Amino acid sequence: MEFDEVVKGRHSVRDFDGTPVPEADIRSIVEEAGLAPSWGDAQPWRVYVATGKVMQQIRSAHEKSVAEGVRGHSDIPTTHRVTWGKQLRANMAAYNQLTNNLPADAAQSSEEKACLRQEGKDGQDAINSAHLQHPQHSQNGAADGRPAHPAPIAISNSRLFNAGTVMYVTAQKHINEWHLLDLGAFEEALVLSAKNRGYDTMIAYELVRYPEEVRRALDIPDNETLVIGMCIGHATDAPINDLRVHHMPVDQYLTIRS
Ligand SMILES: Cc1cc2nc3c(=O)[nH]c(=O)nc-3n(C[C@H](O)[C@H](O)[C@H](O)COP(=O)(O)O)c2cc1C
């Protein structure tokens, strides 16, 4: 693919068809991301990939924690959004407005809808129960400093986007803010390399919200910080995957002085 196509074609996908990614592609993508720059060439990244039964185990544990209303406690601390800068909050408000306008069943693919019909289930009932189980909608409201999510976002997040393969990125303790910059470069290289090979991706805090379930399933040592996760695979036809957010016009964040 042309580089432009890769960069412009990438967007977050929130419902995957669950097909696992072949090991050879995983290796190539991670190897390419490993060419990312880092301070002093420290290369703070480690990657653990969950697929098959291990992925199922993580998803079940996650759904249970969500249903029980367990508050998120990622290794990298979150801060409440009210403490974020003005421009950041304005961008997030625009994003929230877009997601609030999604139809309630936007996270369901046509295949899922057909399955629900076959099981004699009412699609709306399934949405209501999954939605209400998500702690963002509990009495605690903005758990983890996040605002209440609209139904399709809550549903897709709580089932870890139905991904068949997730790449978890960790770093040796103790990481500092410069290491996070290196890891951001690594993560962007991962999504672009994946896109170049025809894969969709989803970077999400939700994947590391309950770190112990991921550590247990992947045997991640205690001296590593679980930083972020990325789903990889193929998008379904669920309308949520058509969501295109607003990216700021360049003049809003670029200054050139000569
Ligand atoms: C570090 C990070 C964490 C994110 N966490 C979540 C998440 O937990 N749930 C979610 O639905 N989206 C999450 N996102 C996706 C963002 O909402 C998305 O990247 C942003 O809206 C821009 O949209 P785009 O990726 O389609 O361009 C996360 C993205 C990043 C980079």
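The values are calculated or read from the model by the stated rules, or taken from the named source; none is laboratory data. Note that the structure is a prediction, hence the values are computed from the model and not measured. We place every Cβ from the backbone using ideal geometry, glycine too, and count neighbours over all the protein chains shown.
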Which residues, counting only those in the stretch 225-245, are surrounded by 18 or more Cβ atoms within 10 Å (Cβ to Cβ) and more than 24 Å from residue 97 (Cβ to Cβ)? 225, 226, 227, 228, 229, 230, 231, 232, 233, 236
Suppose we filter the stretch 14-46 for residues that are in contact (Cβ under 8 Å) with a residue 24 or more places away in the chain and under 27 Å from residue 107 (Cβ atoms); how many remain? 11
Every residue from the stretch 210-234 that is part of a loop (DSSP other than H, G, I, E, B) and over 23 Å from residue 149 (Cβ atoms): 219, 220, 221, 222, 223, 234
Is it the case, given these coordinates, that residue 237 is within 21 Å of residue 5 (Cα to Cα), of a type in the set (Asp, Glu) and in a loop (DSSP other than H, G, I, E, B)? yes
Picking from 27, 89, 71, 46, the residue that is basic (Lys, Arg) and in contact with a strand residue (DSSP E or B) (Cβ under 7 Å, 6 or more places away or on another chain) would be 46
Residue 79 in a helix (DSSP H, G or I), of a type in the set (S, T, N, Q) and within 14 Å of the ligand (Cβ to nearest atom): no
Counted residues, the stretch 164-175 - those being more than 12 Å from the ligand (Cβ to nearest atom) and surrounded by 23 or more Cβ atoms within 10 Å (Cβ to Cβ): 6
For a quick check of your reading of the model, give me the residue pairs whose first member lies in the stretch 148-165 and is within 13 Å of residue 50 (Cβ to Cβ) and in contact (Cβ under 8 Å) with a residue 40 or more places away in the chain, whose second is assigned to a loop (DSSP other than H, G, I, E, B) and polar (S, T, N, Q), with beta-carbon atoms closer than 9 Å and at least 6 apart or on different chains. 164/19; 165/19
Within the stretch 176-198, how many residues turn out to be of a type outside the set (S, T, N, Q), more than 14 Å from the ligand (Cβ to nearest atom) and either within 29 Å of residue 109 (Cα to Cα) or crowded, with 19+ Cβ neighbours inside 10 Å (or both)? 4
Taking into account only those residues within the stretch 5-16 that are charged (D, E, K, R) and farther than 15 Å from residue 239 by Cβ, which is farthest from the ligand (Cβ to nearest atom)? 5
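One line per residue, one yes/no per condition, for (1) surrounded by 12 or more Cβ atoms within 10 Å (Cβ to Cβ); (2) at pLDDT 95 or above; (3) over 28 Å from residue 168 (Cβ atoms):
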| site | (1), (2), (3) |
| --- | --- |
| 74 | yes, yes, no |
| 88 | no, yes, no |
| 131 | yes, no, no |
| 136 | yes, no, no |
Qualifying positions in the stretch 144-198 - aromatic (Phe, Trp, Tyr), part of a strand (DSSP E or B) and closer than 17 Å to residue 235 by Cβ: none
Could you check, for the stretch 178-187, whether at least one of its residues is over 15 Å from residue 45 (Cβ atoms) and touching a residue at least 12 places away in the same chain (Cβ under 8 Å)? no
